[in-house]
1. Restricting the search to segment 123-169, which residues are closer than 19 Å to residue 55 by Cβ and more than 15 Å from the chain's Cα centre (by Cα)?
2. Has segment 213-222 got at least one residue that is touching a strand residue (DSSP E or B) at 6+ places or on another chain (Cβ under 8 Å) and under 20 Å from residue 72 (Cα atoms)?
3. Of the numbered conditions (1) loosely packed, with under 15 Cβ neighbours inside 10 Å; (2) under 26 Å from residue 85 (Cα atoms); (3) at pLDDT 90 or above, residue 208 fails exactly one; give the number of that condition.
4. Residue under question is residue 101, and the condition is that it be more than 30 Å from residue 56 (Cα to Cα), among the aromatic types (Phe, Trp, Tyr), out of contact with any strand residue (DSSP E or B) (no Cβ under 7 Å at 6 or more places or on another chain) and at pLDDT below 90; does it hold?
5. Checking residue 114 against (1) closer than 30 Å to residue 209 by Cβ; (2) at pLDDT 90 or above; (3) over 16 Å from the mean Cα position of the chain (by Cα); (4) not hydroxyl-bearing (Ser, Thr, Tyr), only one condition comes out false. Which one?
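The values are calculated or read from the model by the stated rules, or taken from the named source; none is laboratory data. Quantities reported herein were computed from a predicted structural model and do not represent experimental measurements. Here the Cβ positions follow ideal geometry from the backbone for every residue, glycine too, while neighbour counts run over all protein chains shown.
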Amino acid sequence: MSGKGNEAVKENIKEYIQEKSQKEIIPTKNREPVEEANENEIISSTSTNCAYKNCPKLRDDVINVHIICHTHLDPGWLNSVDGYFYGIHHAAQHNYNGQAYRHSMPSVLSIFNNVMSALLENSKRRFVFAEMSFIWRWWKRLDEDFKKIIRKLLNDGRLDIAGGNWVSNDEAVSHYAAMIDQCTLGFRFVKDELRICSQPAVAWQLDLFGHGREINSLFAQVGKLIH
């Protein structure tokens, strides 16, 4: 593609991102009012009144099943990070099992916004976010008032964070130092921005084509209880 062609594509993508950003505003008409809470309870990084510590007790006379909706969003696969976040599709087709198809998916931005709208419309709903690299991009777009609402949802146990690492790194070829770096980046974001009630106890590595001992050792050393 010529230089002029590249510039035209970039300009089209820029306009598309601006259009998507303007349209994907969290609706407020059906939003339940968020009950007032002590400021320290919402934003303190030292709060220990986290709702997950008060989960319903298990019953021995029944089968206890927990079904929680969660995200599984690849920061990189058949599209770029921005392509997934804003919902920009590849211009070229891909081949899979001999079939040509155009990769298409909702934008990560719209998923996050719609999930938050659903949580605020119904206090019985729960959800789990997992990908800190995408959460960080979304977080930068939010104002401080809405960030407080998210921290309140985390404290109430209606929103939870699984894993906490920046990405789910490959466990076969990634160097141990790189695993530590990406986990540190994600854990630090959770600690500094989402605060103490969002500290995940569960290691979250989905769709990885096998597991390695290094990342399991790392998760055990940082206090993960379940993998």
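1. 123, 124, 125, 152, 155, 156, 157
2. Initial filter on segment 213-222 (touching a strand residue (DSSP E or B) at 6+ places or on another chain (Cβ under 8 Å)): none.
Within segment 213-222, not a single residue is touching a strand residue (DSSP E or B) at 6+ places or on another chain (Cβ under 8 Å) and under 20 Å from residue 72 (Cα atoms).
3. So residue 208 meets the others, but not (3).
4. Details: more than 30 Å from residue 56 (Cα to Cα): yes; among the aromatic types (Phe, Trp, Tyr): yes; out of contact with any strand residue (DSSP E or B) (no Cβ under 7 Å at 6 or more places or on another chain): no; at pLDDT below 90: yes.
When the stated conditions are applied, residue 101 does not pass them.
5. Unmet for residue 114, out of (1) closer than 30 Å to residue 209 by Cβ; (2) at pLDDT 90 or above; (3) over 16 Å from the mean Cα position of the chain (by Cα); (4) not hydroxyl-bearing (Ser, Thr, Tyr): (3).
Here is a yes/no grid of residues against (1) out of contact with any helix residue (DSSP H, G or I) (no Cβ under 8 Å at 6 or more places or on another chain); (2) of a type in the set (S, T, N, Q); (3) free of Cβ contacts under 8 Å to residues at least 24 places away in the same chain; (4) buried (at least 16 other Cβ atoms within 10 Å of the Cβ):
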site	(1), (2), (3), (4)
130	yes, no, no, yes
144	yes, no, yes, no
152	no, no, no, yes
166	no, no, no, yes
171	no, no, no, yes
181	yes, no, yes, no
191	yes, no, no, no
202	yes, no, no, yes
220	yes, no, yes, no
